[in-house]
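Chemist: First the structure, then my questions, so here it is.
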Amino acid sequence: MRSISICFAVTAATAFLFAQRGGGPDVTYKSAAEVASMIAKAKAQDAAKAQPTIVQNLLSLAPYKANLEYRASVGPAAVHEKEAELFYVIDGSGTLTTGGKLVGERRQNAENLQGTGIEGGHNQPVSKGDVAIVPENTPHQFTEIKQTLVLMSLHVPRPVPGEK
């Protein structure tokens, strides 16, 4: 009975600590088979719901979070005010538009803006194996999807001038 009580106490303390950190346990490794399974799951979700982007948590180590993004069609444009975003193209091809002005801007949450598109900006073709980083406060959008894009995206918190 005592070992059950100790086990319960350790479990509760662990859950409390994870809640204080703002999430679950760190995930620092995914095998190729796990990534392939995640891609298959996203493909099945896409076939069922036809949403432009399916995002799944790939890795996490606070304050960093890497996602697997499955993009079957053009989705909204975004601006991350306090994070840069790194993209690695796992599969597919398309066009990444960066810079310019967010069209139809609306606040998505405290640190992100979303829009219907980008006016102006720089178009960069991307395909399997390519890597790109988008600085904070920069509009970005995958404006053309030639083949379904499968990406790893990593949000990188950046210091905001004047804030501590």
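Chemist: Show me 118-126, 70-78 ranked by packing, highest mean number of other Cβ atoms within 10 Å first.
Modeler: 70-78, 118-126
Chemist: Next up: Rounded to the nearest Å, what's the spacing between the alpha carbon centres of segment 77-91 and segment 106-164? Just the number, please.
Modeler: What the calculation gives is 4 Å, centre to centre.
Chemist: Moving on to the next point. Once you keep just the Cα pairs under 8 angstrom separated by 6 or more residues, what percentage relative contact order results for segment 28-157?
Modeler: 33
Chemist: Among Leu154, Asn67, Ile54, pick out the residue whose Cα is farthest towards the positive end of the charge dipole of segment 28-157, where Lys and Arg carry +1 and Asp and Glu carry -1 on C-beta, about the Cα centre.
Modeler: Farthest along the dipole direction, towards plus: Ile54.
Chemist: If you don't mind, another one. How big is the Cα convex hull of segment 81-164 in projection, averaged over all directions, in nm²?
Modeler: 5.7
Chemist: Rg and Dmax of segment 28-157, Cα atoms, in Å?
Modeler: Cα radius of gyration and Dmax of segment 28-157 are 14.1, 40 Å respectively.
Quick note: the coordinates plus some simple rules give every number you see, no bench work behind them. None of these values were measured; they are calculated from a predicted model. Methodologically, a virtual Cβ is constructed for each residue, glycine included, from the backbone with ideal geometry; neighbour enumeration extends over all protein chains shown.
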